Amino acid sequence: MKVVAYSIKPFEKEFLARANQKKHDITLISNALSLDTASFAEGKDAVVVFTNDDVSRDVVNKLADLGIKYIATRSGGTDHIDKKAAEKRGIKLANVPSYSPQAIAEHAVALALALSRKLEKAIEQGHHFNFRQDELIGFNFYNKTVGIIGLGHIGLATAAIFNGFGCKVLGYDVVVPGNLQDIKLTALDELLSGSDVISIHVPLTDQTKHMINAQAIAKMKPGVMIINTSRGGLIKTSDILPALESGKVGYLGLDVYEFEKGLFFEDHTGDKQKDSMLKRLIENPNVLITPHQAFLTKEALQEIANQTIANLDLWQQEKCVGDACVNKECKTKTTARPLKMDHTNLLP
Ligand code: NAD
């Protein structure tokens, strides 16, 4: 299959090459997909994209005009793709539904621990040989109540870690999962009002956009910690800023930001004035922001590459990609795809 893969970072190339084994003719380019760069897809069968690529209606239509039949995203989330437009033009879509939930769960917990134990401050002080402890008092997670919004792959993996810390874990989801471990299912309002820490693991959809807004924050405990490794648009940034500044929200850990497109994944050292809300967040000592890196482990990168190539393999054989199919109307969707996680050959 002839493929162009957009937004490729140098560190991804080896993982993709190892997964592809020269089966598909893949052109790797660093440019993001946009109306301007869609022309690179001319003569190809498929495009491979990532979360910051523009896969909106106009771009999808341009890709369809160029003869593209398949779009595979190297992400679990598919909120960056206009699925209706793709379906209308007969383009098949695939994602990587569950490449390494632990990678994201562990990062969510890393943000929570770094905030509670004031690691950023301690490390910064240490760089100046300042080893005072006055401003480094943290809190235990043991015996605290952690609310997990979204009990899918990542939510359950996050709950398991907090359970291990000795936390009481509350969970909310629109679908009740089979394996609840030690999670107490609650209504959303009960979770918001009863949790010391809230970690968000739902996809960004019309229903979940801005689910953490002023009304939701008003129901939370004073000083609550909020962790978002899911999608930036789940939190209404203009509502959380005053809540942080008043102390209603005590800590905020973000791996994703509402307006990250065009900022995250690149060096914007000279653009500090570009986004005043992001600047206000970064300057708040109770906020920790990482640049959408929760997925960035060797294991996850290899699994993303493996599953992306497996999607292309199945399309080439004119088969459905099973769980990875994100076309709502797909009638042939199965869960039959066997996926073997083999990380023995990972780079050091
Ligand atoms: P998943 O599909 O396994 O789980 C999502 C859960 O959310 C499901 O159980 C679903 O029922 C629930 N849900 C959907 N709409 C809801 C609503 N309105 N209210 C309550 N629950 C709702 O997905 P996952 O693998 O756990 O991933 C979750 C999200 O994490 C992805 O959609 C993606 O946006 C994000 N993600 C981020 C990174 C990163 O690097 N930061 C990496 C991977 C995934």
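The values are calculated or read from the model by the stated rules, or taken from the named source; none is laboratory data. Everything numeric in this text was worked out from a predicted model, so none of it was measured. Note that each Cβ is placed from the backbone with ideal geometry, even for glycine, and that neighbours are counted across all protein chains shown. We work out accessible area using only protein heavy atoms, side chains counted, and drop any ligands, DNA or RNA first. Shrake-Rupley method; radii C 1.70, N 1.55, O 1.52, S 1.80 Å.
Observations, loosely collected:
- Accessible area of Arg57 (1.4 Å probe, protein heavy atoms only, ligands and nucleic acids ignored): about 140 Å².
- Note that the range 101-289 presents 50 Å² accessible area per residue, ligands and nucleic acids not counted, probe 1.4 Å.
- ³J(HN,Hα) computed for each position of the range 214-222 - Karplus, 6.51 cos²θ - 1.76 cosθ + 1.60, integer Hz, glycine/proline x: 4, 5, 5, 5, 4, 7, 7, 5, x
- Alpha-carbon centroid distance for the pair the range 177-204 / the range 43-103, whole angstrom: 30
- The range 231-339 - percent of accessible surface contributed by carbon and sulfur, probe 1.4 Å: 52
- Partner lysines whose Cα lies under 24 Å from the Cα of Lys22, excluding those fewer than 8 positions away in the same chain, are identified as Lys2, Lys9, Lys13, Lys44, Lys69, Lys92, Lys298, Lys319, Lys340.
- The chain: angle of helix 101-116 to the longest principal axis, Cα-based, in degrees nearest 10: 30
- Charges were assigned to the Cβ only: +1 to each Lys and Arg, -1 to each Asp and Glu. The resulting dipole of the chain about its Cα centre is roughly 560 debye.
- Residues with amide H under 5 Å from that of Gly171, placed H, sequence gap 5 or more: Ile148, Lys184, Leu185, Thr186
- Using a simple spin-label model with pseudo-atoms 7 Å out from Cα toward Cβ, Thr186 and Phe165 lie 1.6 nm apart.
- Net +/- balance of residues flanking Ala114 in space, Cβ distance below 11 Å, scoring K and R +1, D and E -1: +2
- Per-pair calculated FRET efficiency, R0 = 22 Å: Glu283 and Ser193 via Cβ, rounded to 0.05: 0.15
- Between Lys298 and Lys88, the modelled labels are 4.6 nm apart [label points 7 Å from Cα along Cα→Cβ].
- Of all lysines in the structure, those lying under 21 Å Cα to Cα from Lys168, and not within fewer than 8 positions of it along the same chain, are Lys144, Lys184, Lys219, Lys221.
- Calculated [θ] (222 nm, deg cm²/dmol) that DSSP helices of n ≥ 4 give over the chain, each run adding -39,500 (n - 2.57): -9000 deg cm²/dmol
- Residues in the range 59-78 reached by a label modelled at Ser39 [backbone nitrogen below 20 Å; 7 Å Cα→Cβ]: 59-69
- Accessible-area composition of the range 1-151, carbon plus sulfur, in percent [1.4 Å probe]: 50
- Protection proxy ranking, peptides 198-204, 38-44, average beta carbon neighbours within 10 Å, highest first: 198-204, 38-44
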